Amino acid sequence: DIEELKKENPFWRNSAIIHVIKMTPNQKIEIEPPMSEAKMVLGQDLQTWLAMIVSLKRPRSDSDQSEEESTYRSILDHINMNKIVDCYSKIHHLCEDATKYAYSWLSYQALWDLKSSDIYDALGDNIGKWIKLLNDMKQMQSAFDNTDTEKSYGPIIIQFGNVRSKVDNKYTEFRKQTFKTLFVHLDKILRDFHSSATKGKYELEETSFTVSTITDIVKAVTLLQRLKDESSGWEALWEECKEAEKLLQANRYVLPPTWIRASRMRGVLDDFFAVLDKRWKTLQSEAQSIYGKLEQQFGVITTNIQKLEEKWHTEKPTQGWAKMWTDEEVQEWLREYQKGILRFALEGARNNAMDGRLLHKIATANDMRIFSLIPSKFNISDNKQQEQLINTFRTLLFTRADVEKKLNDFDKVDKVLNLKKRNNTNVVESNGLIFNLALQTSTFQFLTNLTKEHHCPYK
């Protein structure tokens, strides 16, 4: 009985220190009064009780006329201060525990402040994070499975009945919305997952290593490597999709007939990995043969490069500047160049009295300008003919400076050929046009390493 305890303990508080967790009209959770007030009140209680003790009257007889003090105030000089410190320490820890619990209710403010769309965007396609969020919300909401409306810490009482139902309803609403979003998101992920695995299986089945051209060999090896890398996380993704599917069904979500179930996805993955394993073993067994084909093709390319290099040194023009041509010489050049492939421009050059200086002005214009000049100066509307004429202009030598630039460019190409014949790019000049041959010699190293392996890397 509280009244009996009060009689036995004169230091019993007559009333509790009450703090109310409430929600304001503008949807803000607050503590009233602030938790710092509890610590202040308990500290005042301690001071009051000490004052009560030292203010007690000393017993004295009527005949006692001594000048000794009439109270026990002097005992303050003899009190063990460690005991006083211990009292304040206990007040501090009690208030700290109460404050920590009260502030835990303030954390629920996030349910009103956060935008669900921002959370879903942050989760993205990481199904594991979606599952963890839903499980965490369930665990947090389990704290409301009782009917408690307050919690006490000694004389401190935290009343939360005003916001308990509001927080519980907000959790239910947010969790329900999260399940709906996951349902839609998982459906899309499973469809994309199924499409990627099916497409990958089809591409693997269509892949052959019996091809002979560099392009086809590189394409086949690159495809196999890409699919191996892409599928490295598919097992973990399938496990997450299966767990998410179970979580949806456990919360009474009915999967539609069009839903790609995890069990169906398992069969598709097994088929994909079976073909991938077979293709990888085929590549492993034929690596030496493929490597030989690449070496053979590389040799042919190297020979062609050397021939083109010799031809350039033999035929490179160092005399006869096109800028000095008369209009007749320009027409002659258009008529005779490469057995007359530019004759379509002859009439336009004749009508506009095209000489070397005008030809130089057109040929050295920037890309945007030259495409506007060609149709007007040569009366050419066909796009292919325009591009053919522009490409030819890029090989034409107009001045000594143009010749020197061409020779410098060729020297750079020559160095590339000598220094990078077995690197990523070989540069070939054909009919005066420089173009890049994307010979991915990383495939050579890839196949070399492959012949030394005796296992299937994707496992």
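The values are calculated or read from the model by the stated rules, or taken from the named source; none is laboratory data. Just so it is clear, the structure is predicted and the values come from calculations on it, not from any experiment. With ideal geometry, Cβ positions are generated from the backbone for all residues, glycine too; neighbour counts draw on all protein chains shown. Note: areas computed on protein heavy atoms with side chains; ligands, DNA, RNA excluded. Shrake-Rupley method; radii C 1.70, N 1.55, O 1.52, S 1.80 Å.
Just checking, which of Glu203, Glu239, Glu230, Glu245 is more than 30 Å from Gln109 (Cα to Cα) and without any contact (Cβ under 8 Å) to a residue 12 or more places away in the chain?
Working: Glu203 fails: without any contact (Cβ under 8 Å) to a residue 12 or more places away in the chain; Glu230 fails: without any contact (Cβ under 8 Å) to a residue 12 or more places away in the chain; Glu245 fails: without any contact (Cβ under 8 Å) to a residue 12 or more places away in the chain.
Checking each option against the conditions leaves just Glu239.
All conditions in (1) of a type in the set (Asp, Glu); (2) at pLDDT below 80; (3) out of contact with any Leu (no Cβ under 9 Å at 6 or more places or on another chain) hold for Glu309, with the sole exception of (3). When you look at Asn162, is it in a helix (DSSP H, G or I), over 25 Å from the mean Cα position of the chain (by Cα) and within 30 Å of Ile91 (Cβ to Cβ), yes or no? Yes; evaluated as a whole, the condition is true for this residue. For the stretch 230-240, the condition holds for at least one residue, the condition being that it is among the aromatic types (Phe, Trp, Tyr), in a helix (DSSP H, G or I) and surrounded by 16 or more Cβ atoms within 10 Å (Cβ to Cβ).
Of the residues making up the stretch 197-219, those that are in contact with a helix residue (DSSP H, G or I) (Cβ under 7 Å, 6 or more places away or on another chain), under 19 Å from Arg266 (Cβ atoms) and either in a loop (DSSP other than H, G, I, E, B) or not charged (D, E, K, R) (or both) are Ala197, Thr198, Gly200, Leu204.
Matching residues to (1) small (Gly, Ala, Ser); (2) assigned by the TED database to the domain that holds Ser116; (3) modelled with pLDDT of 90 or more:
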position: Phe179; (1), (2), (3): no, yes, yes
position: Leu190; (1), (2), (3): no, no, yes
position: Thr198; (1), (2), (3): no, no, yes
position: Thr207; (1), (2), (3): no, no, no
position: Leu223; (1), (2), (3): no, no, no
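Across the stretch 85-107, not a single residue is classified as open to solvent by less than 40 Å² (accessible area, probe 1.4 Å), modelled with pLDDT under 90 and at negative phi.
A quick yes/no check of all residues on (1) open to solvent by less than 80 Å² (accessible area, probe 1.4 Å); (2) in contact with a His (Cβ under 9 Å, 6 or more places away or on another chain); (3) in a helix (DSSP H, G or I):
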| site | (1), (2), (3) |
| --- | --- |
| Glu243 | no, no, yes |
| Leu247 | yes, no, yes |
| Leu255 | yes, no, no |
| Ile260 | yes, yes, no |
| Arg264 | no, yes, yes |
| Gly267 | yes, no, yes |
| Ala274 | yes, no, yes |
| Arg279 | yes, no, yes |
| Leu283 | yes, no, yes |
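Inside the stretch 120-132, residues that are under 15 Å from Arg175 (Cα atoms) and either among the charged types (D, E, K, R) or surrounded by fewer than 14 Cβ atoms within 10 Å (Cβ to Cβ) (or both) make up a count of 2. Of the residues making up the stretch 133-159, those that are surrounded by 13 or more Cβ atoms within 10 Å (Cβ to Cβ) and under 37 Å from the mean Cα position of the chain (by Cα) number 8. All of (1) at pLDDT 90 or above; (2) surrounded by fewer than 13 Cβ atoms within 10 Å (Cβ to Cβ) hold for Thr314 with one exception: (1). The residue list Glu295, Glu243, Glu286, Glu205 contains one member that is of a type in the set (Asp, Glu) and within 29 Å of the chain's Cα centre (by Cα), which is Glu243. Of the helices (runs of 4 or more DSSP H) that lie entirely inside the stretch 74-139, those containing 2 or more residues that are among the hydroxyl-bearing types (Ser, Thr, Tyr) span 81-106, 116-123.
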